[in-house]
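Structure first, commentary second.
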């Protein structure tokens, strides 16, 4: 009887271990969930942003902007982003539009009101400064998950740590980037970009709130050692599921801003 009892306990323990292993997400699952948590909360969304740019000498500049986002179907699918600048005066009415595609380069346009010109942003310029900040154009809508090879390098009680290596190394300035993903929310708490074995650029989440049931980043910071200084984004007036019409995410609305969604 004791042998049968011991065997039953051992079998139960093995089953529990196998169950735990089975429940651990795969690398693809982790990447997909992170992409959803970072860019696909709700079917659309709006956020006001206070951007504070601090240069290497400690001088500050502030920008006030609104980001609109609309999904075109399932999580991980096509999206459209509209960014409108309210302040200061030198960037007021500047607008930025992104059509995010799968498996191909995104389309990006920038409207410059001082010149009354709309310009296309080439794919080669995606990883350049976004309106003078430490963020890149690519950071606004996110990097395509199929552009990198992903490796789970560590699992802790709190984080999944992923190393991501670009498939096309000639298209980017980094060798790889490492992400610390919070297990509870799958949000990337920290992202470090490396070149030549050194971390030169770091993005950090400084605050998260739950809004309409969605864990939402409300403060983030990007630091770039190459140029010095950092940019902090503080997000406010965040709302999801507004049923925004698709036509406002088109070129004609770059000149004629959709005011009803920018308040």
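Looking only at the stretch 137-144, decide whether some residue is on the phi < 0 side of the Ramachandran plot, free of Cβ contacts under 8 Å to residues at least 60 places away in the same chain and either surrounded by fewer than 14 Cβ atoms within 10 Å (Cβ to Cβ) or part of a helix (DSSP H, G or I) (or both). Steps first, please.
Going through the stretch 137-144, the residues on the phi < 0 side of the Ramachandran plot turn out to be 137-141, 143-144.
Subset that is free of Cβ contacts under 8 Å to residues at least 60 places away in the same chain: 137-138, 143-144.
Right, trim to either surrounded by fewer than 14 Cβ atoms within 10 Å (Cβ to Cβ) or part of a helix (DSSP H, G or I) (or both) and you get 137-138.
Yes.
Contact map, the stretch 49-70: residues that are in a loop (DSSP other than H, G, I, E, B) paired with residues that are modelled with pLDDT of 95 or more and loosely packed, with under 15 Cβ neighbours inside 10 Å, Cβ distance under 6 Å, separation 6+ or inter-chain. Pairs shown: 56/228. Working only within the stretch 81-93, note down all residues that are part of a strand (DSSP E or B) and either surrounded by fewer than 18 Cβ atoms within 10 Å (Cβ to Cβ) or modelled with pLDDT under 95 (or both). Scanning the stretch 81-93 gives 86, 87. Against the conditions (1) in contact (Cβ under 8 Å) with a residue 24 or more places away in the chain; (2) over 13 Å from the mean Cα position of the chain (by Cα); (3) part of a strand (DSSP E or B), where does residue 165 fall short? Just the number, please. If we test residue 165 against (1) in contact (Cβ under 8 Å) with a residue 24 or more places away in the chain; (2) over 13 Å from the mean Cα position of the chain (by Cα); (3) part of a strand (DSSP E or B), just (1) comes out false.
For the stretch 94-117, what are the residues that are assigned to a strand (DSSP E or B) and surrounded by 16 or more Cβ atoms within 10 Å (Cβ to Cβ)? Those that are assigned to a strand (DSSP E or B) and surrounded by 16 or more Cβ atoms within 10 Å (Cβ to Cβ): 95, 96, 97, 98, 99, 100, 108, 109, 110, 111. Can you spot a residue in the stretch 188-198 that is in contact (Cβ under 8 Å) with a residue 40 or more places away in the chain, touching a strand residue (DSSP E or B) at 6+ places or on another chain (Cβ under 9 Å), farther than 23 Å from residue 109 by Cα and surrounded by fewer than 16 Cβ atoms within 10 Å (Cβ to Cβ)? No, the conditions are met nowhere in the stretch 188-198.
The values are calculated or read from the model by the stated rules, or taken from the named source; none is laboratory data. The structure presented is a predicted model; accordingly, all values stated were derived computationally and were not measured. Positions of Cβ are generated from backbone atoms using ideal geometry, with glycine treated the same way; all protein chains shown enter the neighbour counts.
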